[in-house]
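See below for the structure under consideration.
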Amino acid sequence: MTEIENEFHLYFSGRLKKFSCRLDLRQGTGFQQRVWRKLRLIPFGETRSYQWLAKSIHQPKACRAVGNANGKNPIPIIIPCHRVIQKNGSLGGFTGGIDLKRYLLDLEKKSYATIS
């Protein structure tokens, strides 16, 4: 099993909070790269809003663009775009589908309680 396969196994079994693999994000635009780097700072088991994400990259009116950058994320789960929700608490979108987003958030909530 490769290191990344092992990390995915640990993540999905609820025993890994953060992936350690090196990432090559050069395929994205400068804006996308800023969004993706900020996504990696959202703690395991927590969520942030699209608005928070836009403000955190100093583009407070770019909520829609932030959502589009999330949708272009080349390595979801490792770069946890599933942790971004609407400011009203609804899930918003997810390239993998809302059911998968809900599953990942529920997995992290359950795992957070046992890892912390």
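Brief remarks on what is shown
- The range 42-58 residues that are within 20 Å of residue 108 (Cα to Cα) and touching a residue at least 12 places away in the same chain (Cβ under 8 Å), paired with ones that are surrounded by 17 or more Cβ atoms within 10 Å (Cβ to Cβ) and among the basic types (Lys, Arg) (beta carbon under 7 Å, 6 or more apart): 42/48; 42/83; 46/83; 47/83; 48/83; 53/38
- Residues considered: 102, 64. Of these, the only one that is more than 15 Å from the chain's Cα centre (by Cα), more than 24 Å from residue 23 (Cα to Cα) and not β-branched (Val, Ile, Thr) is 64.
- Qualifying positions in the range 1-47 - closer than 23 Å to residue 65 by Cβ, aliphatic (A, V, I, L, M) and either out of contact with any helix residue (DSSP H, G or I) (no Cβ under 7 Å at 6 or more places or on another chain) or at pLDDT 95 or above (or both): 23, 35, 39, 41, 42
- Of the helices (runs of 4 or more DSSP H) lying entirely inside the range 19-116, those containing at least 1 residues that are surrounded by 12 or more Cβ atoms within 10 Å (Cβ to Cβ) and of a type in the set (Lys, Arg) are 30-39, 50-56, 98-115.
The values are calculated or read from the model by the stated rules, or taken from the named source; none is laboratory data. These numbers come from a predicted model, not from an experiment. Note that each Cβ is placed from the backbone with ideal geometry, even for glycine, and that neighbours are counted across all protein chains shown.
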